[in-house]
1. Of all the residues that make up region 268-303, how many are surrounded by 17 or more Cβ atoms within 10 Å (Cβ to Cβ) and closer than 30 Å to Asp246 by Cβ?
2. Check off (1) in a loop (DSSP other than H, G, I, E, B); (2) farther than 24 Å from Val261 by Cβ; (3) in contact with a strand residue (DSSP E or B) (Cβ under 6 Å, 6 or more places away or on another chain) for Trp82 and give me the number that stays unchecked.
3. Does Ala160 satisfy being in a loop (DSSP other than H, G, I, E, B), among the aliphatic types (A, V, I, L, M) and free of Cβ contacts under 8 Å to residues at least 60 places away in the same chain?
4. If you check Leu101 against the conditions, is it touching a Leu at 6+ places or on another chain (Cβ under 8 Å) and in a loop (DSSP other than H, G, I, E, B)?
5. Could you figure out which of (1) part of a loop (DSSP other than H, G, I, E, B); (2) over 30 Å from Pro272 (Cα atoms); (3) in contact (Cβ under 8 Å) with a residue 60 or more places away in the chain; (4) not charged (D, E, K, R) isn't true of Leu176?
6. Which of the residues belonging to region 32-59 are touching a Gly at 6+ places or on another chain (Cβ under 9 Å) and either among the hydrophobic types (A, V, I, L, M, F, W, C) or not assigned by TED's automatic domain parsing to the domain that holds His92 (or both)?
7. Considering only residues that are part of a loop (DSSP other than H, G, I, E, B) and farther than 11 Å from Leu94 by Cβ, which ones fall in region 66-79?
8. How many residues, within region 124-177, are surrounded by fewer than 16 Cβ atoms within 10 Å (Cβ to Cβ), modelled with pLDDT of 95 or more and aliphatic (A, V, I, L, M)?
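The values are calculated or read from the model by the stated rules, or taken from the named source; none is laboratory data. Only a predicted model underlies this, so the values are computations on that prediction, with no experimental measurement involved. No Cβ is skipped: glycine too gets one built from the backbone with ideal geometry, and neighbour counts run over all protein chains shown.
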Amino acid sequence: MKTIRWGVLGAAKFAREHMAPAIHAAEGAELFALATSDPAKAVGFKAFCPTLKVHNSYEALLSDADVDAVYIPLPNHLHVEWTLKALAAGKHVLTEKPMTLHASEFDQLIAARDASGLLAAEAFMIVHHPQWQRAKEWLEAGEIGQLRHVDAAFSFNNEAEPGNIRNRPDTGGGSLRDIGVYTFGSCRFVTGAEPVDVSSRIRRENGVEVFAHVQALMVGPKGRFTYGSMTSMRLVNRQEVTFQGDKGMIRVASAPFNANVHDVAEVELHKPGQRVITDRFPTANHYKLQVEAFGRSVRDGVAYPCPLEFVKGTQAMMDMAYDNAVEVSI
C-alpha cells in the first residue's frame, strides 16, 4: 500500500507540538491535511510541513479522497461523534484519549470499526514505547517474583487555567479522564490484569474532578495483587509507576507518560542486595512509534498493540472509580 496520508481534525496545541510532527517524521506516513476554520492556526503546522493542505472545516477534510487516515485531537466530549464520522467517511482513525466518556460507548465504535473494515484506535501512545515493553518483558520473565502491589502517580497543576478543557465539565474534563487513563492503562498493559474491586476518593472543583485516589484489587495471569493510583490537576508535577514483587521491583519513574519531555525515559529493575539494572531510551519517540505501528496494521494487517477492546477495559475501570467514589475536601 502507498504511504498513508494523514489529516488532522483541529489545530490543537498538542497536535501542533507533538502528534503532527510525529506523523511528519514517521516512516510510511505523510502529514497531508489539516482542518481548521482559522488560517492563523495553520501557520505553526506549516512551519515544519510547508506542503500541508488546509481545509476550513472538519467535513471538508473527511470528504477529501486523498486522505487515508485521520487523527482527532478534539475535546473529549467530541471524540465518539467524530470517530464515527471519520469511519463513515472511509478513513482509518486515531483518536486522542479518552476515546469515550463511558465504557458502554465503545460498543458503537467497535461495531463501526468492524463494519467498515478500517482501523480505529485510541492514541494510548505509551504501549508503543520500549520502556513499557521492557517493563512487561521483565514482569513476564519472573524477574520480580510474585507480583504483590502496583502503585501509580501522575500529577500536574493547571489551576491557573480555568478555561482549559481539562477544567471544564462540559468538555469531559477531570484528572481521571485526562491522566487516569495512563495510571490505569499502564498497569493493565504490563500485567494483563483487570480490577475486581475498585474504590476511590475524589475532590471536585466547579463540577470537575481534580484529584482522585483510587484503590483496587486486580486479578490477572500473575495472580492477585493490590493497586493504588493518585491523579491530580492541582499538585506539582509527578510521574511514577512501580510493580512490586516478593523478589524484586520494576520502577518506571523518570518519564513514564511524557517520555523525554518530562524527563529522559528509563525503567529500573531492582533486585535483592541493592542491585539495580537501568535501561534508558533517550531517543525513542512514542508518538512516532505509535504512527508507525498504526501504519503497519493498516498496510500489512499486523495486529494493533492497543485495540479498542483493551481501551474499553481502561474506561470501564475509570467508570468504576467514579461510580464508587467518596467525595473529599482535601
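1. Of the residues in that region, 4 qualify.
2. For Trp82, the failing item is (1).
3. For Ala160, the condition - in a loop (DSSP other than H, G, I, E, B), among the aliphatic types (A, V, I, L, M) and free of Cβ contacts under 8 Å to residues at least 60 places away in the same chain - is met.
4. no
5. It fails just one condition, (1).
6. Answer for region 32-59, where residues must be touching a Gly at 6+ places or on another chain (Cβ under 9 Å) and either among the hydrophobic types (A, V, I, L, M, F, W, C) or not assigned by TED's automatic domain parsing to the domain that holds His92 (or both): Phe32, Ala33, Leu34, Ala35.
7. Residues satisfying the conditions are Asp66, Val67, Asp68, Leu74, Pro75.
8. 1
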